[in-house]
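Working notes, beginning with the structure itself.
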Amino acid sequence: MKKKNFIYKIINKDLKNKKYKTIKTRFPPEPNGYLHIGHALSLYINFNISKDYNGKFYLRFDDTNPKTEKKIYIENIKKDLIWLGYIWHKKKYASDYFNIYYKYAIKLIKKKLAYIDDLSIKDIKKYRGSLKNPGINSPFRDRNIKENISMFKKMKNGEYKEGEKCLRAKIDMKSKNIILRDPVIYRIKYNSHYKTKKKWCIYPTYDFAHCIADSIEKITHSICTLEFINNRLLYEWILKNISINHIPKQYEFSKLNITYTITSKRKIKYLINKKKVNGWNDPRLMTLSGMKNRGFTPKSIIDFCKLIGVSKKEHIIDISILENCLRKDLNKISFRIMGVINPLKIKIKNLKKKIKIKIPNHPQNPSMGYRYIYLHSSIYIDEEDFKENSNEQFKRLTINQSVKLRYAGIIKIKKIIKKEDKILHIECIYIHKKKTKNIGIIHWISLKNSLKTKYILYNKLFISKDPNKEKNILSIINEKSIIIKYGYIEKYIKYINKKTSLQLERIGYFKLFKKSNLILSQILLLNNKNKF
RNA sequence: UGGGGUAUAGCCAAGUGGUAAGGCAUCGGGUUUUGAUCCCGACAUUCUCAGGUUCGAAUCCUGGUACCCCUGCCA
């Protein structure tokens with residue numbers, strides 16, 4: 001028996017009690033934006049349940065609000081699922097069932113369990129009461145069935161204005177659970193629906209449609225996030241009162257929060273509108289398409305979901321866990337190459353001839369092959385690897401401390417050539433020596449072996465650890481989340497496929513952002529201590 | 001005394017009456033021509049708090065406390 005988290009325990013019990021033959025789950029995004037890392041967790045949970053129990057997994061677009069939903073989002077959501085490898089058995093739309101919801105609404109009216117309300121939005125709010133005070137009944141609550149049906153049909157036929165009338169479930173205005181104070185289940189909207197166009201002008205609300213869709217699709221376990229927990233009673237009330245056969249059960253888990261990131265479509269949209277990021281797939285965003293752009297691998301995202309677990313506890317997960325998953329994956333597959341981001345020129349005075357060196361493309365994986373590089377008398381190293389004066393902690397080049405050039409020999413400073421305090425270049429002496437202990441190793445490139453390249457470096461998008469908690473997210477944006485540098489990289493880059501992830505040795509993981517004019521973008525650094 | 005949910009290390013998280021798994025982070029040490037990787041070690045006398053039951057409690061009981069969600073014709 002599978003035993004992974006509290007949901008698995010519930011399913012195991014249901015199976016033991018022979019409650020279901022086949023386990024069915026669904027992933028129900030609203031097509032009003034792109035998917036983010038939070039959706040990846042929901043996807044992970046729902047997909048794996050169906051996989052582990054040999055069940056079914058449906059993708060259902062929750063498209064009951066024509067005001068916000070668009071076809072473009074449908075396409076991108078599908079792409080994201082495919083990228084992660086979450087293949088659905090069936091693809092559905094809540095809007096597939098518009099006729100059925102309508103039929104059930106009529107049924108509720110006939111059972112005197114729903115009524116047309118003429119109250120304005122403002123008045124509905126007023127009548128609903130507050131957290132501490134009960135609501136009061138709408139004066140239209142006791143309309144007769146005939147009138148209700150006639151008005152509901154008129155609503156459907158477009159005879160009223162938006163907001164003029166709505167259909168409400170007749171439950172209990174005094175309920176302690178505010179969700180049950182006669183929730184609106186149908187409202188008028190004249191926007192064209194991206195899928196059903198102008199066919200309807202009344203739309204069911206989430207609460208009314210979701211449970212019915214789950215039931216129609218014979219979903220067994222309807223898994224959602226914790227904020228829907230109060231809606232569960234309504235979910236159950238509707239299914240019971242429309243007398244539908246199959247009754248799915250709703251279970252809730254806590255929403256994913258990660259330090260330094262936002263997981264809210266609304267806030268992401270806001271940043272896009274404020275031009276703080278370049279669209280939904282900006283590499284600094286934790287949208288799945290942004291992460292793909294950044295260079296995340298599907299495996300790293302799935303490993304992350306596996307690692308963090310599923311619970312009902314409110315949490316904020318340290319971003320380092322995600323980064324660790326990515327590094328682990330990238331370390332295995334990345335092609336090693338040398339590049340300098342802040343070039344500093346070194347002239348080796350005693351090197352008469354170039355030296356040819358055979359180096360591995362991956363130190364732990366010989367199957368990735370070898371290549372040749374050349375050491376010439378003029379090379380670049382990174383500015384970070386030099387300090388005129390420093391202590392032994394600084395295992396790099398100083399006036400009285402030599403360093404080893406990776407894959408080559410040792411260099412020792414002879415003279416620092418300056419012009420008005422600015423270092424033009426450094427003259428060094430080269431020492432052939434293979435085995436040495438306690439000496440720093442730095443990366444380098446020969447001028448003749450290098451290509452000028454643009455580096456795009458990323459920092460965290462937010463300066464606050466918990467941006468979801470911040471009211472004004474614009475105030476916590478890191479203005480230095482993108483840094484552009486011009487440096488060099490091995491000529492060999494020309495032979496590398498755009499999709500290959502790279503490790504700039506001693507710096508971090510990068511990808512070819514653009515191959516034609518050589519732009520590399522940072523995926524993530526080898527560790528968080530390096531700063532450029 | 002609105003209703004509901006949740007409390008286990010810096011961050012996640014197992015554990016469901018038999019003496020606190022695991023991961024991340026951190027700190028030591030070893031291997032290493034990447035300050036990377038890899039390997040080894042350390043890291044909760046105690047589970048939100050206070051009582052109680054029990055031979056034995058993170059788990060059961062009683063009473064507190066903190067945080068989160070709910071007053072859209074959003075989902």
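The values are calculated or read from the model by the stated rules, or taken from the named source; none is laboratory data. Fair warning: this is a prediction, and the values are worked out from it, not measured in the lab. Note: ideal-geometry Cβ built from the backbone for every residue, glycine included; neighbour counts use all protein chains shown.
Condition (residue is touching a Leu at 6+ places or on another chain (Cβ under 7 Å), of a type in the set (Gly, Ala, Ser) and closer than 17 Å to A:Lys78 by Cα) applied to segment A:12-33: is it met by at least one residue? No; the residues of segment A:12-33 include none that is touching a Leu at 6+ places or on another chain (Cβ under 7 Å), of a type in the set (Gly, Ala, Ser) and closer than 17 Å to A:Lys78 by Cα.
Out of A:Asp207, A:Asp214, which single residue is closer than 26 Å to A:Tyr93 by Cα and free of Cβ contacts under 8 Å to residues at least 60 places away in the same chain?
Checking each option against the conditions leaves just A:Asp207.
When the test is whether a residue is assigned to a helix (DSSP H, G or I) and touching a residue at least 12 places away in the same chain (Cβ under 8 Å), A:Asp63 does not pass it. Of the residues screened, A:Ile456 is not one that is among the hydrophobic types (A, V, I, L, M, F, W, C), within 16 Å of RNA strand B (Cβ to nearest atom) and surrounded by fewer than 20 Cβ atoms within 10 Å (Cβ to Cβ). Looking across segment A:379-393, the residues that are of a type outside the set (Ser, Thr, Tyr), near RNA strand B (Cβ under 10 Å from one of its atoms) and surrounded by 15 or more Cβ atoms within 10 Å (Cβ to Cβ) come down to A:Glu384, A:Asp385.
The sole residue among A:Tyr44, A:Tyr53 that is in contact with a Lys or Arg (Cβ under 9 Å, 6 or more places away or on another chain), within 14 Å of RNA strand B (Cβ to nearest atom) and within 26 Å of A:Leu307 (Cβ to Cβ) is A:Tyr44.
Among the criteria (1) touching a Lys or Arg at 6+ places or on another chain (Cβ under 6 Å); (2) loosely packed, with under 15 Cβ neighbours inside 10 Å; (3) part of a loop (DSSP other than H, G, I, E, B), the one A:Tyr372 does not fulfil is (3). A single member of A:Ile202, A:Ile258, A:Ile229, A:Ile244 is among the aliphatic types (A, V, I, L, M), out of contact with any Ser or Thr (no Cβ under 9 Å at 6 or more places or on another chain), modelled with pLDDT of 95 or more and closer than 22 Å to A:Ala105 by Cα, and it is A:Ile202. So, A:Lys91, is that one more than 12 Å from RNA strand B (Cβ to nearest atom), over 37 Å from the mean Cα position of the chain (by Cα) and in contact (Cβ under 8 Å) with a residue 12 or more places away in the chain or not? No, not satisfied.
Checking the structure you have, find out if any residue of segment A:92-107 is outside any helix (DSSP H, G or I) and under 21 Å from A:Ile216 (Cα atoms). Yes, segment A:92-107 contains a residue that is outside any helix (DSSP H, G or I) and under 21 Å from A:Ile216 (Cα atoms).
Test A:Ile77 against the stated conditions and say whether it is more than 39 Å from the chain's Cα centre (by Cα) and buried (at least 21 other Cβ atoms within 10 Å of the Cβ).
Against the criterion (more than 39 Å from the chain's Cα centre (by Cα) and buried (at least 21 other Cβ atoms within 10 Å of the Cβ)), A:Ile77 does not qualify.
In segment A:108-142, the qualifying residues are those that are assigned to a helix (DSSP H, G or I), within 41 Å of the chain's Cα centre (by Cα) and surrounded by 16 or more Cβ atoms within 10 Å (Cβ to Cβ), and the one that is farthest from RNA strand B (Cβ to nearest atom) is A:Leu108.
Consider segment A:500-532 and keep the residues that are part of a loop (DSSP other than H, G, I, E, B), in contact (Cβ under 8 Å) with a residue 12 or more places away in the chain and away from RNA strand B (no atom under 16 Å from the Cβ). The one that is surrounded by the fewest Cβ atoms within 10 Å (Cβ to Cβ) is A:Asn517. In segment A:188-201 there is at least one residue that is outside any loop (DSSP other than H, G, I, E, B), crowded, with 16+ Cβ neighbours inside 10 Å and out of contact with any Leu (no Cβ under 8 Å at 6 or more places or on another chain). On the given criteria, is A:Lys414 buried (at least 16 other Cβ atoms within 10 Å of the Cβ) and in a strand (DSSP E or B)? Against the criterion (buried (at least 16 other Cβ atoms within 10 Å of the Cβ) and in a strand (DSSP E or B)), A:Lys414 does not qualify. For segment A:449-491, the set of residues classified as over 19 Å from the mean Cα position of the chain (by Cα), of a type in the set (Ser, Thr, Tyr) and not in a helix (DSSP H, G or I) consists of A:Ser450, A:Thr453, A:Tyr455, A:Tyr486, A:Tyr488, listed by residue number. Of the residues making up segment A:300-322, those that are part of a helix (DSSP H, G or I) and crowded, with 18+ Cβ neighbours inside 10 Å number 8. Is it true that A:Tyr486 is among the hydroxyl-bearing types (Ser, Thr, Tyr) and within 16 Å of RNA strand B (Cβ to nearest atom)? It is false that A:Tyr486 is among the hydroxyl-bearing types (Ser, Thr, Tyr) and within 16 Å of RNA strand B (Cβ to nearest atom). Considering A:His432, A:His443, the condition of being within 16 Å of RNA strand B (Cβ to nearest atom) and either under 20 Å from A:Gln522 (Cβ atoms) or among the acidic types (Asp, Glu) (or both) is satisfied by A:His443 alone. Pairs linking a residue in segment A:271-293 that is over 14 Å from A:Ile482 (Cα atoms) to a residue that is small (Gly, Ala, Ser), with Cβ atoms under 8 Å and 6 or more positions apart or on different chains, are A:Ile272/A:Gly279; A:Trp280/A:Gly33; A:Trp280/A:Ser289; A:Trp280/A:Gly290; A:Asn281/A:Ser289; A:Asn281/A:Gly290; A:Leu288/A:Ala40. A:His221 passes every criterion in (1) away from RNA strand B (no atom under 12 Å from the Cβ); (2) closer than 17 Å to A:Tyr97 by Cα; (3) crowded, with 21+ Cβ neighbours inside 10 Å apart from (2).
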